[in-house]
Amino acid sequence: MTAPPEGAEGTPVRTAGGPDLAVAFGRALRRRGLDVPVHAVVAFAEALSLVGVVRPEPVYWAGRSTLVRRPEDLALYDRVFDAFWRSVGQVELAASAPESVTLLLDTDEDDGGELPDEGEEPGGPTLSVRWSADEVLRHKDFALCTSEEVAQLHRLLARLRLGGALRASRRLRPAPHPRGARPDLRRTVRQALHDGGEPIRRRYREPSQRPRRVVLLVDVSGSMEPYARALLSFVHAAVVGRARVEAFTLGTRLTRITRELSWRDPDAALAAAAGAVEDWSGGTRLGEGLRAFNDRWGVRGMARGAVVVILSDGWDRGDPQVLGEQMARLHRVAYRVVWVNPLKASPGYAPLARGMAAALPYVDEFVEGHSLASIEHLADVVAR
């Protein structure tokens, strides 16, 4: 290997930073006619971060291996290296002065964020940084929230709007084009009367679509206490946000709370629902509750072609065989069955509870329900 040029060895290289010297040396090579692309300078800077800039010999070989592409350019490289690094050893490059940046904290509140104190002049550019406590709460487990955070979550859940899957309707609507549509004689004749009796413009109609019914069954047993009130806030938002939504609670009995949750005021609606539910924070008999739902409402028509959402942790004191049979009945008539389990987000969770294991074969979607982000995902799942 060729040694560094005469005079380079033993000259101390003092620098404020390898990247600055890499860029400066690349410019010096270009001024002398050497073709140095940008990616070569980047590679040289990365090499300097590994070998350092204290001794010239590693710097020489780092530049030679990254900046020189042709053998005939070696002599020119040696001359430029000798001149450049001699001057670097004698005149220390000035370090870039640290730039003062003023941060403005932009929050969701009305105070406009945290501004600098009066009389204090910003020493550099101003950078606005947006921060929101709502974004932090989106991924926090309901069971770990403080009372203030729970109140904020209730307000955020009240803003959710639940969509729904569509189904074909017997009602017909005007069709924009005749392809795949049927003639609309009534509208065609009515239009012809405006056109002098001639059916110049023909009208068509096609089948319309309507949203499927959504049925929400919320477990309000003792094991669901940390999550039940937050989930009921989501159910309330679903009931008041769209038509064809039914709500029930599951515990030791089945309670229909659609009418109670139809109040626009969330506090009044949740208070009315809590007053109507007599088995709040009691035991769990999911199989008997689903049997009551299937016998009185579900199989008779409410669950037929509907999206049925069960919000429960799967802990059941009843016979798991009964729960499996009732889930099979429900699955045969429903369009889709979604089970929301807040415990699914726990590390190492497995559906080993007897009730959950019996119901899972008849579940189309098994999702989490422990945080605001998981409830937003649930809304997307229901709308498919």
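The values are calculated or read from the model by the stated rules, or taken from the named source; none is laboratory data. Everything quoted here is computed from the prediction, not taken from an experiment. Because the Cβ atoms are built from the backbone with ideal geometry, glycine has one as well, and the counts that use them run over all protein chains shown.
Considering only residues that are free of Cβ contacts under 8 Å to residues at least 60 places away in the same chain and of a type in the set (Gly, Ala, Ser), which ones fall in segment 335-357?
If we filter segment 335-357 for residues that are free of Cβ contacts under 8 Å to residues at least 60 places away in the same chain, which is where we start, we get 337-339, 341, 343-344, 346-354, 356-357.
If the condition is that a residue be free of Cβ contacts under 8 Å to residues at least 60 places away in the same chain and of a type in the set (Gly, Ala, Ser), then Ser346, Gly348, Ala350, Ala353, Ala357 are the ones that fit.
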If you go through Val150, Val220, Val189, the only one that is at pLDDT 90 or above and not hydroxyl-bearing (Ser, Thr, Tyr) is Val220
Consider only pairs whose beta carbons are under 6 Å apart and that are at least six residues apart or on different chains; among these, list those whose first residue lies in segment 305-330 and is outside the structural domain of Leu232 (by TED's automatic domain parsing) and whose second residue is in a loop (DSSP other than H, G, I, E, B) and among the basic types (Lys, Arg). none
I'd like to verify a number: residues in segment 287-310 that are assigned to a helix (DSSP H, G or I) and of a type in the set (A, V, I, L, M), how many? 4
Testing Ser147 on (1) under 23 Å from Asp313 (Cβ atoms); (2) surrounded by 13 or more Cβ atoms within 10 Å (Cβ to Cβ), one condition comes back false. Which one is that? (2)
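Looking at Ala228, Ala238, Ala243 in this structure, which one is surrounded by fewer than 22 Cβ atoms within 10 Å (Cβ to Cβ) and not polar (S, T, N, Q)? Break it down stepwise before answering.
On the way: Ala228 fails: surrounded by fewer than 22 Cβ atoms within 10 Å (Cβ to Cβ); Ala238 fails: surrounded by fewer than 22 Cβ atoms within 10 Å (Cβ to Cβ).
Of Ala228, Ala238, Ala243, the one residue that is surrounded by fewer than 22 Cβ atoms within 10 Å (Cβ to Cβ) and not polar (S, T, N, Q) is Ala243.
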Inspect all residues belonging to segment 310-323 and state whether any of them is surrounded by fewer than 19 Cβ atoms within 10 Å (Cβ to Cβ) and of a type in the set (Asp, Glu). yes
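Can you tell me which of Ala243, Ala273 is modelled with pLDDT of 90 or more and of a type in the set (A, V, I, L, M)? Give the steps one after another, and end with the answer.
Details: Ala243 fails: modelled with pLDDT of 90 or more.
On inspection, the qualifying residue turns out to be Ala273.
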Can you tell me which condition Pro361 does not meet? The list is (1) in contact with an Asp or Glu (Cβ under 8 Å, 6 or more places away or on another chain); (2) at pLDDT 90 or above; (3) surrounded by fewer than 18 Cβ atoms within 10 Å (Cβ to Cβ); (4) not acidic (Asp, Glu), and all the others hold. (1)
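Please verify whether segment 266-277 includes one or more residues that are in a loop (DSSP other than H, G, I, E, B), more than 27 Å from Arg304 (Cβ to Cβ) and in the same structural domain as Gly324 (by TED's automatic domain parsing). Talk me through it step by step, then tell me what you get.
Just the residues of segment 266-277 that are in a loop (DSSP other than H, G, I, E, B), to begin with: 277.
Imposing the further condition that a residue be more than 27 Å from Arg304 (Cβ to Cβ) reduces the set to none.
No, segment 266-277 has no match at all.
Looking at segment 324-358, which of the residues that are among the small types (Gly, Ala, Ser) and not in a loop (DSSP other than H, G, I, E, B) is surrounded by the fewest Cβ atoms within 10 Å (Cβ to Cβ)?
Of segment 324-358, the ones among the small types (Gly, Ala, Ser) are 324, 328, 334, 345-346, 348, 350, 353, 355, 357-358.
So of that shortlist, the ones also not in a loop (DSSP other than H, G, I, E, B) come out as 324, 328, 345, 355, 357-358.
Working: Gly324: 19, Ala328: 13, Ala345: 16, Gly355: 26, Ala357: 15, Ala358: 24.
Per the stated criteria, the residue is Ala328.
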Give just the number: which of (1) within 26 Å of the chain's Cα centre (by Cα); (2) within 24 Å of Gly241 (Cβ to Cβ); (3) not β-branched (Val, Ile, Thr) does Trp297 not satisfy? (1)
